[in-house]
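The values are calculated or read from the model by the stated rules, or taken from the named source; none is laboratory data. The structure presented is a predicted model; accordingly, all values stated were derived computationally and were not measured. Cβ sites come from the backbone with ideal geometry, for glycine too, and all protein chains shown count toward neighbours. The accessibility values were calculated without ligands, DNA or RNA, using every heavy atom of the protein model including side chains. Shrake-Rupley method; radii C 1.70, N 1.55, O 1.52, S 1.80 Å.
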Amino acid sequence: MAELGLAVAQTLFSALQCAELKEICSIWGYKSQLEDLYKTVSAIKNVLKDAECILELSNKQRGYIEELKDVVYEADDLFDEFVTRLELKQLKRSPSKGGRFYEKETCSYVDVNDIIGRDDDKKAIIGKLLESKDQDVCFFTIVGVGGLGKTALAQLVYNDENIKQEFGGLMFWICVSDHEQQLDVKAIIRKILELVTKGQRSFDALQLEQLQLEFRNQLGGKKFLLVLDDVWNEDRKNWIDLQKLLMLGQVGGRVLITTRSERTATIIGNDEHTYRLQGLSPENSWVLFEMVAFTQRNDQQKELLEIGEKIVAKCYNVPLAIKVVGSLLYGQDISKWRSFENSGLAGIGKGDNEIMSVLKLSYHNLDSSLKSCFTYCAIFPKDYEIDKEMLINLWMAQGYIVSFDGGQSIDDAAKEHFLILLRRCFFQQVKKDKYGDVKSVKIHDLMHDVAQEVGGEEIRTVSSAENSFGDKVFHMSFTGEKCPEGLSIRTKLRSYIDLSLRKFIWDDTQVAPVNKFVNLRVLDLQHLKDINLVKSIGELLHLRYLDLSRNSFEALPDNSITKLHNLQTFILSYCIKLEELPHDLNKLEKLRHLDISHCPKLTCMPYGMNKLTSLRVLSKFVVGMRKQCNAKLKDLESLTNLTSHIFIYIGENYNGVDTINDSYLSQLKHLNEVQIEFGYREDVEDEAVLEKLEPHPNLRGLHLESYNGITIPWWRTAENNGVIPYNLVNIHINDCENLQEIPSFSKLPYLKSLILDGLYSLKCMEKTRSTSSYAEAKETTFFPSLESLEIRGLLKLERWFTAEGSSADTTDHCLSRIFPRLSQLEISAADKLVSFAYCPSLKTLECQRSRILMEVVGRGNHSSCLTTLSIYCDRELKSLSEIKNVFMVCASSLRSLTIHHCHNLSDISEGLEHLTVLKSLNLSYNDELNLSEDDTMPWRSLPQSLHILELSNLKGLTSLPKGMQYLTSLLSLDLMNCNNLKDIPEWISCLSSLNCLYIEGSRMLIERCSDPNGPDWHKIQHIPNIDIYY
């Protein structure tokens, strides 16, 4: 319980040792006061340090520690105010010398490689779900102590191919986490409806009766799978209420629940449908420990193995405990292992509490700063997806980060704190961005219990308008629908975070003026109803993190934000009406993170952006949208610490290019991705501007949009200087209508994704020397890492390679090359392209012209691994027999085929019979295609694997052909906007596997199939899931 107070004391203690501070205090006559404060803080720090080492404190000790923490917080506030005012005074005397004296929800996805020893459990659960013949909704429960992997097992089941095939698209995952044991039935039904409608509708305002009707409309009579993860409810009445609503699903619905509570499992009922999850086998327990605790097999000393076996035995085959302890010992010397064996494992028994003791043991082996960082995570509710950058910024705002060595920057130290906690399994369910960097994490609920326990009363998550939290709360998050009534008297708060994502929860009648919260380091004011609430925000002297995102103001209050001398993080994302930033923003010299993404009306940057040299994140930079624009692109040159992504918009009025031969971005070596977009610029040289935006070679992503130049000038210069950005992973160039030459992207060793869209003037991809083009083509690896390629709107593109100075009929040496790793390809609106390289690894292909399919998919006797093929807008294609060789090449791999907007296609009688594993067929907007005659389509020859058939906007379809009755494996039939289709045939009952029928847009057919009076209703009423829409 001393952790957060200790972190504050240690940061304050370090600050008091600053030589520059001592010198200034001596000059101003505060030397003796500084020395007294130093002695006091030092004594308190030592007491808190000792308390941290004691696992269990008496009530008297706890009270004493609480009093000391209050003293530390007050001293920190006082000292922070003193230093801030001293710095402001220094700035007034010498404006150029600023600075500070010191620095201060589960989801359905799972990585199967992370899960050991659960194959038999997975098969057992799937067997229960699929073998049950009950036509009503059935409930199945996985029960077991925390940390066994109930969620992971449910994720394995949810992602199994047999399960997906059984339930199709009607699969829903909801994390309940009702840890107060109050089951919110309305909230669960809302979540289900939001998932069914893919978030396109809001159900917040509906009452239970309305929700019930909506649920019946959306899921009534349909077969679905619903996973309710982490259920704690032990109130039988609440559970019966939920069961009644879910039973509206009727035919064949399945509900899978995970819970730690045996009583919950009993209330749900039916012991046959309860699966009691046990620990791993001893063998699998050791495999898991070995995977996380050892570096290489050769490094395992005999003594380490012996100690490891004892440690695993004490973890009682619980995966979470094994992973946490193994991660703690990873890379440690043998003395650490001995210490852990001799002292750490003493007293650990068996069960939930004992698993918690293992996790707490891992926590107590952390350094003090890491303890504070992890404890602060209790401010997020259970199962919350925590953004990595947000979390690091919050830690820094509270002053928890300390450098692990003298030369480490505070930013590097913050990242290392995060990575250590990640490596030691304090975080899980990691999501990564397209570059493989961690984007977000979650915390296992048992780990969250640890954070809550050690955080005590200091950290609180409030989920309603309650007023029951005590006066010891320093850090608060809010997840409810109405601002907490008692918030106005919590003036000691250091953090207030709004996680509700609700509109207008704040009201000036509900809370005291913002300036009452004088101790705040973190403040989140999203969705404000009244902008006047933030007019006094400049008086929050300690504030370091401010989130004003998703607000509707056009400008910020004058002389307010820029008074926040200590501000490090400022978030204004999704302020869709914001037109300008404060004109004196450059006063915020400590600003590290400025997020102005998704602010479409922002017209310019303020003067002096080049002074914000502490910036690590600047999401957007706008110039030239006004005739009078203070900022220049050259301001970026000074922001050498920028990381992540920046979007640069260059409007029509920008012409601020200087003549000095330098680049504004070339020193920004930490940037991951640059997006450059030009506005409409008549008679303005874009090339001169772009030349100044040459990035550093470390760049990994480049997006260039609406550029009017003929070439990319800095790339050729870079090639000549040998500094090509070889690290590029993603390139996207679109709507550059005049671009006639692009770089040799095929030589980039790490390029994975390339999008070229709307390059109307481009005739060839790459130019080579006329004397050596073929030799170079054979010697140079061709796109060694490319996985995704999109070519759209390249109207003049004829070939890939052309030699400089060659005639037009020179052989395209692309034919001699292959894309070794390309798996996704789209080619559209490139009518002049007559040849293409072979793609042996291609899995997904969208192609507007069928004539180059064979070159792309296969040559000679090569078989293809293509699984998904879409052919569209091909006016030359009249018969599928023209491309039957393509179908033969991918006969054993193609599972999904879509043919649409091929208006001259009339014959599909030959070719499809080769597709022996085809599962899905979509025929849409093919005007000349008439399927009503049986000889038009080889129905009998279609594979028994065909599960999905979609027929859409087919003018020639007047009746369903009799041959369709042989599709006995068909699970889903969609008939959309086939307006000439008159009725449903009697033989539809022959489709014995048909589970879903979807009819839309055909008024005549809809009237005939309406329940219960439609003349065709009796033909289809046996189908479990029927959707009919006008």
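Quick notes
- The residues neighbouring GLU341, those whose beta-carbon lies less than 13 Å from its own, together hold a net charge of +1 under the Lys/Arg +1, Asp/Glu -1 convention.
- Amide H partners (placed H, <5 Å) of SER477, local residues excluded: ARG460, THR461, VAL462, ILE497
- Two-site label geometry, SER638 and LEU213: point separation in nm, points 7 Å out along Cα→Cβ: 6.3
- Taken along the Cα-to-beta-carbon direction at a fixed 7 Å, the label points for MET1004 and ASN159 span 4.8 nm.
- Cβ-placed point charges (K, R +1; D, E -1), dipole of the stretch 941-1019 about Cα centre in debye, nearest 20: 200
- Net charge dipole, the stretch 860-952: roughly 460 debye, given to the nearest 20, about the Cα centre with Cβ charges of +1 for Lys and Arg and -1 for Asp and Glu.
- The HN-Hα couplings worked out from phi for the stretch 560-576 by the Karplus form 6.51 cos²θ - 1.76 cosθ + 1.60 (θ = phi - 60°) are 10, 4, 6, 8, 7, 4, 8, 4, 10, 10, 9, 10, 10, 4, 6, 8, 6 Hz, whole numbers, x standing for Gly and Pro.
- Zone of ARG821's modelled label, taken as backbone nitrogen in the stretch 746-765 under 14 Å from a point 7 Å along Cα→Cβ: 746-754
- Against the criterion of solvent-accessible heavy-atom surface with a 1.4 angstrom probe, GLU234, GLU457, GLU262 sort, most first, into GLU457, GLU262, GLU234.
- Close amide H contacts of GLU846 (hydrogens built in the peptide plane, cut-off under 5 Å, sequence separation of 5 or more or a different chain): LEU825, GLU826, ILE827, SER870.
- Summarising the amide proton neighbourhood of PHE140: residues at separation of 5 or more, or on other chains, whose placed amide H is nearer than 5 Å comprise VAL255, LEU256, ILE257.
- Here the stretch 887-941 is treated as a sphere whose radius is the Kirkwood value from Cα pairs; by Stokes-Einstein at 20 °C and 1.002 mPa s it diffuses with a coefficient of 182 µm²/s.
- In this calculation the C-beta distance from GLN667 to TYR574 is compared with R0 = 35 Å, giving a FRET efficiency of 0.70.
- LYS563, LYS237, LYS919, reordered so the largest accessible area comes first (probe 1.4 Å): LYS237, LYS563, LYS919
- Applied to the stretch 381-386, the Karplus parametrisation 6.51 cos²θ - 1.76 cosθ + 1.60 on θ = phi - 60° returns per-residue 3J(HN,Hα) values of x, 4, 6, 6, 7, 9 Hz, with x for Gly and Pro.
- In this rough spin-label picture, where each label sits 7 Å from Cα along the Cβ direction, the ASN559-SER785 distance is 5.3 nm.
- Extension gain from GLU272 to ASN904, taking 0.36 nm per residue of separation minus the Cα-Cα distance: 221.7 nm
- For the set MET625, MET765, the ranking by accessible area, highest first and with no ligand, DNA or RNA atoms included, is MET625, MET765 under a 1.4 Å probe.
- Seen from a random direction on average, the alpha-carbon convex hull of the stretch 531-634 projects onto 5.8 square nanometres.
- In order along the stretch 664-676, phi translates into HN-Hα couplings of 6, 10, 5, 9, 8, 6, 9, 5, 8, 8, 10, 10, 10 Hz, rounded to whole numbers, per the Karplus curve 6.51 cos²θ - 1.76 cosθ + 1.60 with θ = phi - 60° and x for Gly and Pro.
- Farthest toward the positive end of the dipole of the stretch 530-651, out of LEU594, ASN532, LEU546, is the Cα of LEU594, where the dipole comes from beta carbon charges about the Cα centre.
- For THR711 and SER959, the FRET efficiency from 1/(1 + (r/R0)^6), where r spans their Cβ atoms and R0 equals 51 Å, is about 0.30.
- Solvent exposure of VAL402, expressed as accessible area, is near 50 Å², computed with a probe of 1.4 Å over the protein chains only.
- Note on LEU195 and SER335: with the Förster distance fixed at 56 Å, the Cβ-Cβ geometry gives a FRET efficiency of about 0.65.
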